[in-house]
Amino acid sequence: MASGTVTSSEGYIKHHLTNLTFGNHPEHGWGFAHSSEAAAEMGFWSINVDSMLWSVALGILFVWFFKKVAMKVTSDVPGNAQNFVESIIEFIDDNVKSIFTHKNAVIAPLALTIFVWVFLMNLMDLVPVDWIPFLTQQLAAVFGADPHHVFMKVVPSTDVNVTGGMALSVLALIIYYSIKMKGVGGFIGELAFQPLPKIFAPFNLFLEIVGLLAKPVSLALRLFGNMYAGEMIFILIALLPFWAQWLLSVPWAIFHILVITLQAFIFMVLTIVYLAMAHDHH
């Protein structure tokens, strides 16, 4: 799919980093963007269809698999699937208990969902970069579409809109539980009257609001940056000769297993920490 020329290499990289975007183009109306430039011209209300498709599909896969195992759980000799699910749940439960000291029945299921869902999205990075985009182009050609204008990014966590959406959801939970546990006055007072004395309330408020907003930004950009960089390396490896691809892609894929697991773990742990801080009284 890729050739050795600079032009084709640039086009190859650009194609693999472009989302399948649907929106309202100022000139062409509603439809799919034929280029990254057209996608940008669609503006804020466009949607990256491939990111939504894969993230929702992986979320459904997670729910289906865990529900299937839960319906067949046994106290006798458990099967491999039950052992696998129980080990994940115990791992999440231990982390929640060690970080979150308050009582809230939502936190552990939320942590489990974040860890498994983010891990599955990251795991798509190990699928060879040409397989699914190539199959998508062939399918588009069957329906009469121009395959050169069909894009398919299969790693949702390389889309900053996905990581940003999850991070904003965490921010909403932080604000919700801060107000629920401390009241509106307590939450505002926490922002305005620390760490400096009350006479510095405007300065405190500025610092605390910046710190509050930095939490979702750091969550979103950390996951996005690491996964985007990993995907870029896989794409660059795919541009090399065939023998070099096997020589480099296998070690990088093995190392990347640690990266995708670690990123899911960090996103989960930071979410627990932030929600624990939201429950704390100062």
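None of the figures in this text is laboratory data; all of them are computed from the coordinates on show. None of the values given here were measured: they were computed from a predicted structure. In this analysis, Cβ positions are derived from the backbone assuming ideal geometry, glycine residues included, and neighbour counts consider all displayed protein chains.
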- Query: Can you give the relative contact order of the chain as a percent, counting alpha carbon pairs under 8 Å and 6+ residues apart?
  - Reply: 24 percent
- Query: Which whole-number percentage describes the relative contact order of the range 115-261, with Cα contacts under 8 Å and a sequence gap of 6 or more?
  - Reply: 29 percent
- How far is helix 107-123 tilted, in degrees, relative to the longest principal axis of the Cα atoms in the chain, given as a value from 0 to 90 rounded to the nearest 10? 20 degrees
- Message: Please enumerate, by chain and number, the aspartates and glutamates with C-alpha under 17 Å from the C-alpha of K72, excluding those fewer than 8 residues away in the same chain.
- Response: E86
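Give K68/K180; K68/K215; K67/K97; K97/K180 a once-over and call out the pairs whose C-alpha atoms are over 32 Å from each other.
Beyond 32 Å between Cα atoms: K68/K180; K68/K215.
May I ask you to order 131-144, 17-30, 260-273 by the average number of other C-beta atoms within 10 Å around their residues, highest value first?
260-273, 17-30, 131-144
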- Relative to the first principal axis of the alpha-carbon coordinates of the chain, what is the inclination of helix 131-142, with its axis defined by its Cα atoms, in degrees from 0 to 90 and to the nearest 10? 60 degrees
- Collect residues whose amide H, placed 1.01 Å from N in the peptide plane, falls under 5 Å from the amide H of H25; neighbours closer than 5 in sequence don't count. W30, G31
- Query: How would you order 79-89, 65-75, 230-240 from highest to lowest mean count of nearby Cβ atoms within 10 Å?
  - Reply: 230-240, 79-89, 65-75
- Scoring the range 1-95 by relative contact order with C-alpha pairs under 8 Å, at least six apart, yields a percentage of 17 percent
- Task: Just add up the charged neighbours of H15: K/R +1, D/E -1, any other residue whose Cβ is under 15 Å from the Cβ of H15.
- Result: -4
- Cα shape, the range 73-121, gyration tensor, a/c 1.5 rule: oblate
- Mean Cβ neighbour count within 10 Å, used as a protection proxy, ranking 274-280, 116-122 highest first: 116-122, 274-280
- Could you tell me which of I272, V150, A253 has its Cα farthest along the dipole of the range 136-282 towards the positive end, charges placed at Cβ (Lys, Arg +1; Asp, Glu -1), taken about the Cα centre? I272
- Can you tell which of V85, W54, F193 lies farthest toward the positive end of the dipole of the chain, using +1 and -1 charges on the Cβ of basic and acidic side chains (Lys, Arg; Asp, Glu)? F193
- Item | Helix 242-279 vs. the chain, principal-axis angle (Cα, 0 to 90°, nearest 10) | 20 degrees
- Message: Straight-line reach from K153: which lysines fall under 21 Å, measuring Cα to Cα and dropping same-chain residues less than 8 apart?
- Response: K14
